[in-house]
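What follows is calculated from the coordinates using simple rules that are stated; it is not laboratory data. Bear in mind the structure is a predicted one, so any value in this text is a computation, not a measurement. Cβ atoms come from the backbone with ideal geometry, glycine included; neighbour counts cover every protein chain shown.
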Amino acid sequence: MSSEAPDDLTDEERVLFGTFNTAYELALQCRQLADMNVSVSKEALEIVIATLMTEFWDQGFSQTEIREAFLTSFDGLKGYAPTERPE
């Protein structure tokens, strides 16, 4: 018998929560890079998003799936904050 405490998470939930953690870490690292004010930081977010989309493509997601997910997520930001974030 294992000494590890059992949990009630399904495999799907473990993967989903893992992706949430990965997304948080990715966004945090992008913010840190942008805050360094190095020349690449101005384009860092564009480069990361392009790379991320390419990785989704390489994993078998279609351009339509990637585009729709990105646009749906972007539209969801409208209700996230009442005002625009400062530049």
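The HN-Hα couplings worked out from phi for the range 43-48 by the Karplus form 6.51 cos²θ - 1.76 cosθ + 1.60 (θ = phi - 60°) are 9, 4, 5, 4, 5, 5 Hz, whole numbers, x standing for Gly and Pro. On full extension, the segment bounded by V38 and A50 gains 2.4 nm, given 0.36 nm per residue less the C-alpha separation.
Using equal-weight Cα scatterers in the Debye expression, the normalised intensity of the range 38-78 in log10 at q = 0.20 Å⁻¹ is -0.69. Here the spin labels are modelled as points 7 Å beyond Cα on the Cα-Cβ line, and at R31 and F17 they lie 2.2 nm apart.
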